[in-house]
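Structure first, commentary second.
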Amino acid sequence: MIKKKLIYNAKKVDRFLINYLKKQKKSLLSSPMKYGVISGGKKIRSTIIFDTGKLFKIKEKKLISVCAAVECIHSYSLIHDDLPCMDNDSMRRGKASTHKKFGEATAVLAGNSLLTLAFEIISGKNFLSLSQKNEIINLLSHCAGHTGIAGGQEMDLQFENKKKNLNQILNMQVKKTGKLFNFCIQSTGIIANKDKRTKIFLGKLGEEIGLLFQLADDFLDIKGSKNLVGKPTKKDKKKGKSTLINLMGYKKAYMYADKLKKKILIKLKKHGKNAKDLIDTIEFILERKF
């Protein structure tokens, strides 16, 4: 059921991006950009946005542009993460990494172009008010830049082969992964015109979900199948990555993740049946095989 939902939502976002790019003047970077963002991955961040929208009864037409922007940001970060100067991965989403397919320089430029495209999509014609656009763009800037994804990736690289404590690892993983989930959840609060306190709560909830997703990713690196995951596994230990598994062992790390999942679900259950889809997605995150 969850797999069908993910595929259905991914197709909706892919269609939006294909139509959006068709309206733009074609460039030499169009193909590598499409290769990096369309028809690949679970697009679970988009599903999180759609699921959270149901908490506040937001129509999908108001959410789709935010979903597309998130996928552009996420895909840009993956294209750059895979580069030889970073994680040096040759496979992503079951196919050759963008730099393997098009070359390193093109991959850098395609990633940069997806980053800027995200802000273009949000600021353009959609169903959001001007104030909502401004607030969402500001939030995305904080979550994608040096205080978010980019800063988290730098920490991830700097932490390699170094002994780091629990708080340092959690801080790195929240920035690297949690901040974009913060954006996914909090942006729906902005669209629903929620007060500041609620939006902060939603952002923190998003960071917890993002941390859970990162922990599940780390578990997949240990026990996942390369064919199902769509990228090489068992590489974190070889690269000396700072993870909770390397710090406390697989069993204790999984217990930490399970406790975090229960904490998230308690917060969601007060929303009743409107939270069902989001709860199902949270349940899937920790137990996923891909």
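Would you list, by chain and number, the aspartates and glutamates whose Cα falls below 17 Å from the Cα of LYS25, excluding same-chain residues fewer than 8 positions away?
Partners within reach: GLU120.
State the extension gain, in nm to one decimal, for the chain segment bounded by ILE7 and LYS100, taking 0.36 nm per residue of separation less the distance between their alpha-carbons.
Result for the pair: 30.9 nm of gain on full extension.
If you put +1 on each Lys and Arg Cβ and -1 on each Asp and Glu Cβ, how big is the dipole of the chain around its Cα centre, in Debye rounded to 20?
Dipole about the Cα centre, nearest 20: 920 debye.
List, in the order given, every pair from LYS4/LYS42; LYS175/LYS252; LYS5/LYS259 whose Cα-Cα distance in the structure shown is over 18 Å.
Listed pairs above 18 Å: LYS175/LYS252; LYS5/LYS259.
Quick one: HIS146, HIS99, HIS271, HIS80, fewest Cβ neighbours within 10 Å first, how do they rank?
HIS146, HIS271, HIS80, HIS99
For region 86-183, what D do you get in µm² per second when you plug the Kirkwood radius from alpha-carbon pairs into Stokes-Einstein at 4 °C and 1.567 mPa s?
My calculation gives 84 µm²/s for D.
Filter the chain for me: DSSP H helices, axial length by Cα at least 24 angstrom, mean Kyte-Doolittle hydropathy not below -1.0. List them by residue number.
What comes out of the filter, once short or polar helices are dropped, is 2-22, 64-81, 104-123, 196-223, 250-269.
222 nm [θ] for the chain, helices only, -39500 (n - 2.57) per DSSP H run of 4+, per residue, to 500?
Counting only the DSSP helices, I get -22000 deg cm²/dmol.
So how do ARG288, ARG197, ARG92 line up by other beta-carbon neighbours within 10 Å, fewest first?
Lowest to highest Cβ neighbour count: ARG197, ARG288, ARG92.
When the Cα centres of region 1-27 and region 93-167 are compared, how far apart do they sit, in Å?
18
List the aspartates and glutamates whose Cα sits under 14 Å from the Cα of LYS54, skipping any in the same chain fewer than 8 residues away.
Cα-Cα hits under 14 Å: ASP277, ASP280.
FRET efficiency for SER90 and LEU130, Cβ-Cβ distance as r, R0 = 35 Å, nearest 0.05?
Computed FRET efficiency for SER90 and LEU130: 0.20.
Counting other beta carbons within 10 Å of each residue's own, what order do TYR20, TYR256 fall into, fewest first?
TYR20, TYR256
Mind putting a number on the dipole of region 1-90 about its Cα centre? Charges go on the C-beta only, +1 for Lys and Arg and -1 for Asp and Glu, and I need it in Debye to the nearest 20.
860
How large is the charge dipole for region 84-166, taken about the Cα centre, if only the Cβ atoms of Lys, Arg (+1) and Asp, Glu (-1) carry charge, to the nearest 20 debye?
Charge dipole, region 84-166, about its Cα centre: 260 debye, nearest 20.
Normalising by the residue count of region 1-159, find the relative contact order in percent from Cα pairs under 8 Å and 6+ residues apart.
23
Where a number appears in this text, it was derived from the coordinates with a stated rule and is not lab data. Just so we're clear, the structure is a prediction, and the values are computed from it rather than from any experiment. We place every Cβ from the backbone using ideal geometry, glycine too, and count neighbours over all the protein chains shown.
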